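The values are calculated or read from the model by the stated rules, or taken from the named source; none is laboratory data. Not measured: the values here are computed from a predicted model. A quick note on method: Cβ atoms are made from the backbone with ideal geometry, for glycine too, and the neighbour counts reach across all protein chains shown.
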2 protein chains.
Amino acid sequence: MAIPVVLFGCGTVGRALAREALSLGDEIRFLAVLDSSGGVVDPSGIPAGRLREILSFKEKGEGLGATGLTWEEALEAVCALLREGRGVVVDATASEGTVGFLLEALEQGWGVVLANKRPLVGPWEDYRRLTASGRLRYEATVGAGLPVIAVLRSLLATGDAVYRIRGILSGTLGFLLHRVEEGIPFSQAVREAMARGYTEPHPAEDLSGKDVARKALILARTLGLPLELREVAVEPLCPPDPGEMPIEEFLKTLRLMDAGMRRRVELAGKKGKVLRYLAEVSPEGTRVGLMQVEWESPLARARGPENVVVLETRRFREWPLVISGPGGPRAPPPGFSPISSN
Amino acid sequence: MAIPVVLFGCGTVGRALAREALSLGDEIRFLAVLDSSGGVVDPSGIPAGRLREILSFKEKGEGLGATGLTWEEALEAVCALLREGRGVVVDATASEGTVGFLLEALEQGWGVVLANKRPLVGPWEDYRRLTASGRLRYEATVGAGLPVIAVLRSLLATGDAVYRIRGILSGTLGFLLHRVEEGIPFSQAVREAMARGYTEPHPAEDLSGKDVARKALILARTLGLPLELREVAVEPLCPPDPGEMPIEEFLKTLRLMDAGMRRRVELAGKKGKVLRYLAEVSPEGTRVGLMQVEWESPLARARGPENVVVLETRRFREWPLVISGPGGPRAPPPGFSPISSN
């Protein structure tokens, strides 16, 4: 009964999945684990002990090519697996280059699960082909694992119509704005977020708004809108094209934004509103940036690294449907025993 | 491709379903519509015109026995349908007497969809048998149609473990408490809720907390807890056993509660908390009643007739998973065009 899985990517997300699978016992059987250097393939399932070895190997910063097959060998072995059986391919990479392989897997009858947003934000035609089979799942790409895509798809499948989606989809940017509201200069809040591990290694990755734009595009496309990424209007929270600017220099340029950010937060406050970095999909288009929201809005409630998604639909309009929760994975809490478990 | 449906109950919920189905075109085909007086049965599908006739007939307060078959005839015809084909039975009654029929339908391979809570809150063994087939859906019984059961089941199915569920599951009681917070005497708030159509015809039905207790039990049972309704601790918001007390007399007795309710709201306020009528499923048991919640809690945010469900699980603990939305169906808004529809 174990689900055969081929895992691409063995970074934070891939390893978390492998650990979750190990904790579930034998519900998931990994046939292959690959990173960009190579991989380990075992058509009868990588034994739990070997999988744990792989995880600690990766945690030391090693590439899988050093303990298993080279990239070419691993890919060839995986292609053989695709032809011979059925299972699920998980893309936990951050690569743009997996689309072709994922389409091949779907064609062979495999399921595909994405944590990787990139395959979904390329040309619309790729998106269409990926989703056409009905065997693609991508809940993890938007809303940090909150059930956003599932709820959206269920509403659409049962005849509801969506008027607008607004969301706080970056826990990092939510944290930053919350700190600025508390009186901390913006550039200092960025340093704080870095210290807490809330940002990508280079914070420009978060501040550019590009990752939120990808999520907004995925929401829009889920509604059936044939948009391209360039059509999503993005307001970055950093100077344009930080490019390869060294981090320290980048952080210094952010100081130029401190006064402006403070002013915008205060201006919103004077109108009884709060400033939030939102993704919005509406009849006016899809956009990402700083927006003022009413104090009473569910979007105003987010403090720190929360994600909040507000769906306004034919069924949920006067009081929209709101889904909220953490902006990223959290460690299991100590000292609590579950009242249910499966 | 139309889904064949047998509809039991043609009150507010049943009629709303029929209207929704009519608006979807031919996705749903009603083979039978029954109320407690009789019904209309057409194995080839009740034509849209006839269905509209039935709805306006019901809206005049008439029983279906007067326009169609008697109850016995209708039931016999429906039992023949069960044997001959496949489809979905919808229980939109408020009856305790449908369990036997629903089990029969499941046994014959039909799906069953419940808006009616009663079949799920009888003996645990009934619940177990109803859910055993995997062909029972009951999203509409808890959380006013918010995706609570679906999300809960998906978390459990993917290996999460639940620590605690807390929810505001009565829009009516939420509205009352909100009005008391605003300074309105409790008994007067009840009259106001009645005037707005937020309560059942006799408000004791809402104030007794019994309906919330049923919802709490359904949540607990969904977690696999083999509880009975009598094991759910319930704090009513009215004198015990209002029984057949006439409404005006009942409303007068509520005045005796005004001072106490005011005091409890104020006491909570002094501690920086707010008073909410909650359903709670936790390792300490399942209970329903007035509880103090922190001002920052998602449960404190509910204003008026909202439903809010907070799931604390292994995956969602420090920041719980929150689902919120309206406490009941709302009319479609004017002047908005959807950006998607199916």
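Does B:Leu227 meet the test of being away from chain A (no Cβ under 14 Å) and either farther than 30 Å from A:Leu299 by Cα or at pLDDT 90 or above (or both)? Taking the combined requirement at face value, the residue does not satisfy it. Scanning segment B:19-41 for residues that are over 18 Å from B:Ala105 (Cα atoms) and surrounded by 24 or more Cβ atoms within 10 Å (Cβ to Cβ) yields a count of 1.
Out of all the residues in segment B:177-195, is one or more in a helix (DSSP H, G or I) and within 14 Å of chain A (Cβ to nearest Cβ)? The answer is yes; a qualifying residue exists.
Would you point out the residue of segment B:141-167, among those that are within 12 Å of chain A (Cβ to nearest Cβ) and part of a strand (DSSP E or B), that is nearest to the chain's Cα centre (by Cα)? Among those that are within 12 Å of chain A (Cβ to nearest Cβ) and part of a strand (DSSP E or B), it is B:Ile165. Scanning segment A:22-57 for residues being more than 14 Å from chain B (Cβ to nearest Cβ), of a type in the set (Asp, Glu) and not in a strand (DSSP E or B) gives a total of 2. Of all the numbered requirements in (1) surrounded by fewer than 16 Cβ atoms within 10 Å (Cβ to Cβ); (2) out of contact with any helix residue (DSSP H, G or I) (no Cβ under 9 Å at 6 or more places or on another chain); (3) part of a helix (DSSP H, G or I), A:Cys79 misses one, and that requirement is (2). Looking across A:Gly122, A:Gly100, one residue alone is in the same structural domain as A:Ile28 (by TED's automatic domain parsing), more than 18 Å from B:Ser154 (Cα to Cα) and not in a helix (DSSP H, G or I). It is A:Gly122.
Just one residue in the set B:Ala74, B:Ala161, B:Ala92, B:Ala105 is crowded, with 16+ Cβ neighbours inside 10 Å, closer than 18 Å to B:Thr222 by Cα and in contact (Cβ under 8 Å) with a residue 12 or more places away in the chain; that residue is B:Ala161. Residue count for segment B:303-314, restricted to those that are farther than 14 Å from A:Glu318 by Cα and part of a loop (DSSP other than H, G, I, E, B): 1. Taking into account only those residues within segment B:5-21 that are assigned to a helix (DSSP H, G or I) and touching a residue at least 60 places away in the same chain (Cβ under 8 Å), which is farthest from the other protein chains (Cβ to nearest Cβ)? Step by step, filter segment B:5-21, then rank; the result is B:Gly14. Do we find a residue being within 7 Å of another protein chain (Cβ to nearest Cβ), surrounded by 20 or more Cβ atoms within 10 Å (Cβ to Cβ) and among the acidic types (Asp, Glu) anywhere in segment A:308-315? No, every residue in segment A:308-315 fails to be within 7 Å of another protein chain (Cβ to nearest Cβ), surrounded by 20 or more Cβ atoms within 10 Å (Cβ to Cβ) and among the acidic types (Asp, Glu).
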